[in-house]
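The values are calculated or read from the model by the stated rules, or taken from the named source; none is laboratory data. In this text, all values refer to a predicted model and were calculated from it rather than measured experimentally. Heads up, the Cβs are rebuilt from the backbone with ideal geometry, glycines too, and the neighbour counts pull from every protein chain shown. In case anyone asks, the SASA skips ligands and DNA or RNA and just uses the protein heavy atoms, side chains included. Shrake-Rupley method; radii C 1.70, N 1.55, O 1.52, S 1.80 Å.
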Amino acid sequence: MRVYRYQYKKKKKVNTALVVWLAGIVLFSLILQGKKEMITRIAKECKIICYEEILDFYMPGVVYVDTGGKDANALEQVLSHFFLLENEVIAVGPYDTQVESALSYEAILAREAADENYIDSETGEMVMTENTPDVTEEGAGEVGQSAEQTALQTGTGFSGMQEKQVTYSREKLNDFDYLVQNFYQVDSTTTIDGSQLNADALYGKDLRLSHDASTPQILIYHTHSQEGYADSVPGDSSDTVVGVGDYLAKLLTEQYGMNVIHHTGEYDVGDRDHAYSKAGPALEQILAENPSIEVVIDLHRDGVSEGTRLVTNIGGTEMAQVMFFNGLSRTTSTGDIDYLYNPYIADNLAMSFQMQMKAAEYYPGLTRRIYLKGYRYNMHYCPKTLLVEVGAQTNTVQEAMNAMVPLADILNKVLTGPQ
């Protein structure tokens, strides 16, 4: 079941006087006749009518469903505020009352530095985003040749996909609901609408590199450099996400001729809670010293339950699934977070979207849904910023390394291909 959360500020009352007046007359008449069961049924129907009117007025397109269970009771409690309060911000969903407005800046940074995605920070529940768009749905996508038929092969194995495997309808992608349901996972800390997730606008951003490789073009770094894999050797950075970054940099440099800086600074040693704020000054310095850098990639490794394996097979090669991640600098509870301002949110979203679509077209099953959360994650230093989760602690180092081959190819397609 998908749950969509909306946030609105009440501006005026809904006129339900006529409904209540008529219901009162009917109920009074039935009371006089002693018809208890009919009274209960009519009262319930009146309640539903009131709720539907309220939802239609404040949340067009949202439908109230009386399940008779916990969710219905929670919704009733929320809707009751429309009758009782004048200027309260209403949120649909089980949100924690200790919201960001009550937290210090340091506490916000600590929340931001927690594992980015796999635990919903409001509900505390595991978030699973293993499913990929259903390309067999009529009109959703057209499947091309098999990976084995179109994959380029080298002596070291799978190296890249020449032909699209799936073609997605632009008309479908321009449907906000379809886009979100198939390509995004929205954390309960935040909200987003069609003004930010519009396929035409996201495709409209020209993300191609503007200069050649005579000067640095791409920066790869790791906010969480200590993240390893199931068979990582303790103390060996080549077996961690840093080693995965080395391999990605090598592929981009040697296979695609790009100029890449791989920064291996450690910012989560002994104090993971401030990793993003500690990495910030280093990023500023690198970008100041190398103003030609156009793309910043923060490479991570996810964390999941021990029984979960994020593995896919592409071109006969087992590889870890990849997930792109965006911070929106906005929480459901408080709205935009001024002190986590990011002027490049639209660019960040376009970057992850175009990467996601290239992956979906050329490497179906490689990526999980793009994860959207409420904070910033140092994505405000550069318009073309990617936060990438490569597999999880249950993947092997080799599976993570293998995933860099299609990831490098996708980067090349987005950064150098036709607009």
Q. Any idea which residue in the stretch 241-255 is nearest to Gly303 (Cα to Cα), counting only those that are open to solvent by 20 Å² or more (accessible area, probe 1.4 Å) and out of contact with any helix residue (DSSP H, G or I) (no Cβ under 8 Å at 6 or more places or on another chain)?
A. Lys250
Q: Under 7 Å between Cβ atoms, at least 6 apart or on separate chains: pull out the pairs that start in the stretch 282-311 with a residue that is more than 24 Å from Leu207 (Cβ to Cβ) and end on any residue that is surrounded by 22 or more Cβ atoms within 10 Å (Cβ to Cβ) and among the hydroxyl-bearing types (Ser, Thr, Tyr).
A: Arg301/Tyr229
Q) If you go through the stretch 337-353 one residue at a time, do you hit one that is assigned to a loop (DSSP other than H, G, I, E, B), closer than 24 Å to Ala279 by Cβ and of a type in the set (Val, Ile, Thr)? A) yes
Q. Within the stretch 214-229, can one find any residue that is more than 22 Å from Lys384 (Cα to Cα), modelled with pLDDT of 95 or more, out of contact with any Pro (no Cβ under 8 Å at 6 or more places or on another chain) and not hydrophobic (A, V, I, L, M, F, W, C)?
A. yes
Q: Answer yes or no: is there a residue in the stretch 271-285 that is open to solvent by 30 Å² or more (accessible area, probe 1.4 Å), in contact with an Asp or Glu (Cβ under 9 Å, 6 or more places away or on another chain) and at pLDDT 95 or above.
A: no
Q: Run Gly307 past the list (1) closer than 30 Å to Leu173 by Cβ; (2) open to solvent by 30 Å² or more (accessible area, probe 1.4 Å) and report the number of the one that doesn't hold.
A: (1)
Q. Where in the stretch 157-239 are there helices (runs of 4 or more DSSP H), lying wholly inside it, with at least 3 residues that are farther than 27 Å from Met379 by Cα?
A. 170-173
Q: Considering only the stretch 312-334, state which residues are open to solvent by less than 40 Å² (accessible area, probe 1.4 Å), free of Cβ contacts under 8 Å to residues at least 60 places away in the same chain and either assigned to a strand (DSSP E or B) or at negative phi (or both).
A: Thr312
Q.
Just to check your reading of the model, which residue among Asp236, Asp193, Asp212 is under 18 Å from Ala408 (Cα atoms), surrounded by fewer than 20 Cβ atoms within 10 Å (Cβ to Cβ) and among the acidic types (Asp, Glu)?
A. Asp212
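Residue by residue, here is whether (1) surrounded by fewer than 18 Cβ atoms within 10 Å (Cβ to Cβ); (2) more than 24 Å from Tyr375 (Cβ to Cβ); (3) among the polar types (S, T, N, Q) holds:
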position	(1), (2), (3)
Asp175	yes, yes, no
Leu197	no, no, no
Asp200	yes, yes, no
Ser232	no, yes, yes
Q.
Kindly evaluate Thr123 against the criterion of being under 30 Å from Lys278 (Cβ atoms), modelled with pLDDT of 95 or more and open to solvent by 10 Å² or more (accessible area, probe 1.4 Å).
A. no
**Q.** Among the candidates Gln398, Gln393, residue that is closer than 19 Å to Thr240 by Cα, at pLDDT 95 or above, surrounded by fewer than 23 Cβ atoms within 10 Å (Cβ to Cβ) and out of contact with any Cys (no Cβ under 6 Å at 6 or more places or on another chain)
**A.** Gln398
**Q.** Filtered residues of the stretch 338-359 (kept if among the aliphatic types (A, V, I, L, M) and open to solvent by 10 Å² or more (accessible area, probe 1.4 Å))
**A.** Ile345, Ala346
Q.
Suppose the filter is at pLDDT below 95 and among the charged types (D, E, K, R); does Asp338 pass it?
A. yes
(Q) Restricting to the stretch 266-283, name every residue that is touching a Phe, Trp or Tyr at 6+ places or on another chain (Cβ under 7 Å) and under 27 Å from Ala408 (Cβ atoms). (A) Ala275, Tyr276, Ala279, Leu283
Q. Only one of these conditions is not met by Leu387: (1) open to solvent by 10 Å² or more (accessible area, probe 1.4 Å); (2) in contact with an Asp or Glu (Cβ under 8 Å, 6 or more places away or on another chain); (3) not in a helix (DSSP H, G or I). Which number is it?
A. (1)
Q | Ala403 at pLDDT 95 or above and buried (at least 23 other Cβ atoms within 10 Å of the Cβ) | A | yes
